[in-house]
Each structure stands twice: as structure tokens, then as C-alpha cells.
Amino acid sequence: MRTLFGHSLSVFLLTAFAAIARSQGSGADEAVSTPMSLLHNELLGGQRAGESIKCGLPATSFALHNRQLLNHVQRRALESILIREARQKSIVRGSFRIHYDTVGFHAPAMLDASYQRIPGTANLFADSVASIVNQVATYEIGTLGFPSPPNDFGAGGGDEYDIYIRELGNLYGSTTPETQIDTKPDGGLFTSYITIDNDFIFVRPDSNKGLPGMRVTLAHEFHHAIQMGCYGYWTSEIYFYEMTSVWMEDEVYTNVNDYYEYLYSSQGHFRLPDAPFTSNAVIIYSRGIWCIYLAKRFGRDAIRRVWEHIQTVRPLHALDNGLSEAGSSFRNAFAEWTLWNFRTGDLSDSIRYYPEGRYYPRILQVLIEFGGSSRTIPGTLGPFASRYYEVAGAVPVSLILSNINFQAAVPNPGSTFPYTLLLNIAQIDPSYTLTPGGFYVKLDVADPGNWHFNRRSSGREGDPFPSPFIANGFRVLNFPIAGLDRVPGTLMVFSSSMDLVCTASLISDMLDPPGRQVFQWNGKDNNGESLRSGIYIFVLEFPGRLITGKIAVIRE
């Protein structure tokens, strides 16, 4: 057995860090300076005023993997993190020992209805931690089939798994690797302990402060204990550890939805889809949606199977091996996932894609104007990264481009590869494909087998296209809707003076391309005549829904 850190830090250093924390305050709106926040901000970057840190493991792992590159301050912070701090009291509940203070700076407290700390509730807080973590363990081990983390050979006072409660500033919690229990040079197994915040008063929104924040933190961190204790701790590839633990939050406590905060972050996946999948930066928290995709698409047991492969290979190979067992591959699944990430917000379909996708933001798209006969769009993209273009026009079209070069992602995930998108109003040759916007597009790359390219309508639900509608030019007007099944609907069209000019009974159908369900209308009034030029108001009613909007009509 060997420990990650073999000598003690002076009492002076620990006292100094505590003094820094106290000087910063511990209110809901004040960030407390801690060794973990120092490492996170200096090594991973990105924490902005008022933003929380989901988990300390990425910063700890980065520091451990790059220890020789750390400066003096960073080394001191890492050393402080790797030491258990004794607390004033501990209680044992089931397989867990909870360590906490009953008085002083680190003493925990429950929150009242106004989200303020309630004095004298340290014992109740610790009891809540014990109750919740036992629920978490029952679900993750008993229901999902993951193994129990190894014991720590009596560290902390017994063989129970140890959880420490202390003031962590804007950090939810952290799982600290401690003693290696095998001899692997990388990807070895480690005992660990968990540290969580003492009130979760900093969490946003308010509804997640206190106990809800505690619940998702324990679900998240306990799975880290399982990961590094039962499967392997690859310090340089922590991205899949965080993706899985964020998914676990939603799996165990689906009504808390703390992960939404990271989806809307400026550093989240929906704003940075071109960041490599293997990035260990703060984008990893928002990418918990990858495991939500895996669980729905292949079943949640597929995630456990990937972890079983991590016992012998690194996470990216483990993902490929696990998905191969499910009849897919990491390349194919990643390409499919890019479409799931397009179908969010008002384009969501909870039956076919993310169950909670309507609460997710829309993916960031690069706006492209295309008004001439041709256009060339050059760019570069790294392995397992995506870029979304929206081409403005009568029919807005999204072009979804992904690099799926597995061979490059393993040895050099930071590499990039050039591509060129060629747009033309004519089909120059068979390699140009028609888009829903009526123009043609070609992806020009040196290695087409390592790229995936998709074309989709980017219109919102109920926004008719093409717009404007050329009454005697285009054959039909399309009204896109969410859903997979064909449904009946009634369309009523009114003039600007609110005269009813058309009533039509319609049946929805699926377009291919763009793979979107629509109601289609021929643009004729109740007399069978094409509508005159002008602005019209429409009301579209179908089972459970009523959509209204405007139609711009041009009659040539």
C-alpha cells in the first residue's frame, strides 16, 4: 500500500488557510477562499464571481498528475487538501462515519424557510447526512449494481466510510483519494474519503439550497468513491468520472436538477460544443448529459459496463468497448449525441431524445449568411468535438459537423483538423446534397471517414417555413411540431382584418430531410385560390396543443 502524500503539513499551514477562509466570511453571497478553490481557479480556471464549484476531484486530479509543474502556492494547497482534518465529533450510521464540529467556523447548520442558518442544528445536519448517504448507497449499490467502495484500514476511527463536514465556500464537495490498494502505475485503486459543505447556502437556485444540495452532492461524491475504489483512478482523464457522477445526481434525485445550472453556464457544453469531449475543464459538469443520453439510448446498465472496462483500459477505450457490447461504437454514439444536443429547448422531443430536454438551452450555432450563388466556409475541429452552423434564409438550416477521429483522440486530443463547407444553389456534382433550405452543401475533408455531417431545419416549433411563403412558388407551407406520432390538426388562417380565409383539416407527417414532424398546407383559401400577398394570422390546433403565429405571404 502507498499513500498519495507521505508527509504531514505543518499546523501553521493549516491554521493559515483557516484564517484566510475566516477573513473572507461565510455568508451566502461571499466566496470563502479555500485550498480547493485556489487549485480550481489556478489550474482549471473559469470560476467567476458567484459561481459554485461542483466537485473538487478535477482540480485534485490535475494537481496530482502534474505535481512537478505546480508552483509553491499550488503545492501547499494540494498538500493541505490531502490531509484529513479531525473534527470535534463523529457518529456512525450503517456503513458510514460522519465527522463534524458542533461549534465554531466549520460547524454545520440546517437552513430555515428564508435560507438562513439555524443555530444549534449541527447534530441534525449530521443526522441528515447519514440518512441521505445511506439512501444513496442503497440505490447506487443495491439498485444500479455498483460495488461498495473499499474500507480505509481504520483511518478515521473505524472501517466505516468517512464523510467530513466543513465550510467549503462555494464548493459542494470533494472525494479525496488516499491509499492505493494495488500496484498499477496508473489507473490504480484507492481508498478515499468525502468532504462536503456545512450548509449548502451558496447553491442556486434557492430551491436547491440546503438539503437538496446535500442530496445531489452525496450522490455525486459517493460514486466517485466507487469509481476510484473499485474500477480505477486515471488522474489525467477525469472527464468521464464527472460525467457519470453528474448523471448519478439526476438518477438518484431526479427532482433536484442541480445540473441545469451547468447547462446554462458560459463554460457549458451548449455554449462550447467545439471543446474536445476529453477535456478535463469545467465543461465536464454540463456533459453529464452524455450519460443521460447513454442511459436512455442503451440502458443504464451500459454505464456500469463502461466502468467495468475502466478496470483495464482508459476511459475512451472503455467507452468504445462498452458501446460495442451494446451494438454501437463511441464514434457512432458521439455522432448521434450531437443530434440529441440539437433537439433541446423548443426543439425538444422527450420521447425520442432527452426526457428533460425542454428545460435545456439551445445549442450555440454560428450564424452564416448565404445570399449569393455559392459560399465557402473553412474551419478546424478537434477529435470528438462538434460545430453547429445556422444558415439564414427563407428556411433556416442547421449544419451539424463532428470530428469522430478516434485514433487521433487517444494520443493527441488537442490536435485539430481542417475542413471546408461548400454551399451552392446548384448541385455541382453528386457529392453535394440538398438541404431543407433548397441549396446544396458539401463537406470537403481529407479523411471523410473521420467526420460526421448532418443537415436539419432549425426552425422553432410552430414557426412556419419557408418564410416568406411564395404562394405560387413553393408547393406547401410547413408548420413544425414536436413529437413522433402522426396526429390530426385543424388550421385556421385569418387576414390582418381578422376575416377567416381558410379552415383546413390536416394530418401531420415526418419530413426527410430534415427529420422534423410537420403539418403541411397548400397555401390556398376556402375557395381554392392562392392567398394574396400580405400578413396572415394562423391558429393551429392539435391534440393537447394550440399554436398561433403569423404568416408572411408573397404572391407573384
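The values are calculated or read from the model by the stated rules, or taken from the named source; none is laboratory data. Quick caveat, the model's predicted, so the values are computed rather than measured. Cβ placement follows ideal geometry from the backbone for every residue including glycine, while neighbour counts extend to all protein chains displayed.
Counting just the residues of region 373-406 that are part of a loop (DSSP other than H, G, I, E, B) and hydrophobic (A, V, I, L, M, F, W, C), which one comes out surrounded by the most Cβ atoms within 10 Å (Cβ to Cβ)? Walk me through how you get there before you give the answer.
Residues of region 373-406 part of a loop (DSSP other than H, G, I, E, B): 373, 382-384, 393-396, 404-405.
If we keep only those that are hydrophobic (A, V, I, L, M, F, W, C) too, we end up with 384, 394-395, 404.
Values: Phe384: 25, Ala394: 15, Val395: 20, Ile404: 23.
Checked region 373-406; the qualifying residue surrounded by the most Cβ atoms within 10 Å (Cβ to Cβ) is Phe384.
Of the residues making up region 152-197, just one is surrounded by fewer than 20 Cβ atoms within 10 Å (Cβ to Cβ) and basic (Lys, Arg), namely Lys184.
Of the candidates Asp182, Asp186, Asp162, the single residue that is charged (D, E, K, R), in the same structural domain as Ile53 (by TED's automatic domain parsing), without any contact (Cβ under 8 Å) to a residue 12 or more places away in the chain and outside any helix (DSSP H, G or I) is Asp182.
Quick one: count up the residues across region 189-199 that are assigned to a loop (DSSP other than H, G, I, E, B) and closer than 23 Å to Thr235 by Cβ. Please lay out each step first, then the result.
Narrowing region 189-199 to residues assigned to a loop (DSSP other than H, G, I, E, B): 189, 198-199.
Still in the list and also closer than 23 Å to Thr235 by Cβ: 189.
Here the count works out to 1.
Scanning region 407-421 for residues that are in contact with a Leu (Cβ under 9 Å, 6 or more places away or on another chain) and crowded, with 17+ Cβ neighbours inside 10 Å yields Ala409, Pro413, Phe417, Tyr419, Leu421. Out of Glu237, Glu261, Glu242, Glu251, which single residue is among the charged types (D, E, K, R), out of contact with any Asp or Glu (no Cβ under 8 Å at 6 or more places or on another chain) and surrounded by 23 or more Cβ atoms within 10 Å (Cβ to Cβ)? Residue meeting the stated conditions: Glu242.
Residues that are hydrophobic (A, V, I, L, M, F, W, C) and either in contact with a helix residue (DSSP H, G or I) (Cβ under 7 Å, 6 or more places away or on another chain) or within 30 Å of Glu237 (Cβ to Cβ) (or both) within region 65-90 comprise Leu69, Leu70, Val73, Ala77, Leu78, Ile81, Leu82, Ile83, listed in sequence order.
Checked against (1) without any contact (Cβ under 8 Å) to a residue 12 or more places away in the chain; (2) in contact with a Phe, Trp or Tyr (Cβ under 8 Å, 6 or more places away or on another chain), Ala113 passes all but a single condition, namely (2).
Residues are listed down the side, and each one gets a yes or a no for (1) polar (S, T, N, Q); (2) touching a helix residue (DSSP H, G or I) at 6+ places or on another chain (Cβ under 8 Å):
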{"residue": "Leu364", "(1), (2)": "no, no"}
{"residue": "Thr376", "(1), (2)": "yes, no"}
{"residue": "Phe384", "(1), (2)": "no, yes"}
{"residue": "Ser402", "(1), (2)": "yes, yes"}
{"residue": "Asn405", "(1), (2)": "yes, yes"}
{"residue": "Asn424", "(1), (2)": "yes, no"}
{"residue": "Gly438", "(1), (2)": "no, no"}
{"residue": "His452", "(1), (2)": "no, yes"}
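Scanning region 457-499 for residues that are small (Gly, Ala, Ser) and at pLDDT 75 or above yields Ala471, Gly489, Ser495, Ser496, Ser497. Residues of region 330-348 that are touching a residue at least 40 places away in the same chain (Cβ under 8 Å) and either of a type in the set (Val, Ile, Thr) or part of a loop (DSSP other than H, G, I, E, B) (or both): Thr338, Thr344, Ser348.
Output the residues belonging to region 407-422 that are in a strand (DSSP E or B) and without any contact (Cβ under 8 Å) to a residue 40 or more places away in the chain. Hit for region 407-422 is Phe417, nothing else.
Only one of the listed residues (Arg93, Arg97) is modelled with pLDDT of 95 or more, surrounded by 14 or more Cβ atoms within 10 Å (Cβ to Cβ), in contact with a helix residue (DSSP H, G or I) (Cβ under 6 Å, 6 or more places away or on another chain) and over 19 Å from Leu171 (Cβ atoms). That residue is Arg93.
With the condition kept exactly as written, say whether any residue in region 80-90 is assigned to a strand (DSSP E or B), modelled with pLDDT of 85 or more and under 20 Å from Leu218 (Cα atoms). If you could, list the steps in order and put the result at the bottom.
Here is the first cut: in region 80-90, the residues assigned to a strand (DSSP E or B) are 89-90.
Subsequent filtering for residues that are modelled with pLDDT of 85 or more retains 89-90.
Okay, now just the ones that are also under 20 Å from Leu218 (Cα atoms), so 89-90.
Within region 80-90, one or more residues are assigned to a strand (DSSP E or B), modelled with pLDDT of 85 or more and under 20 Å from Leu218 (Cα atoms).
Of the residues screened, Leu347 is one that is at pLDDT below 95 and hydrophobic (A, V, I, L, M, F, W, C).
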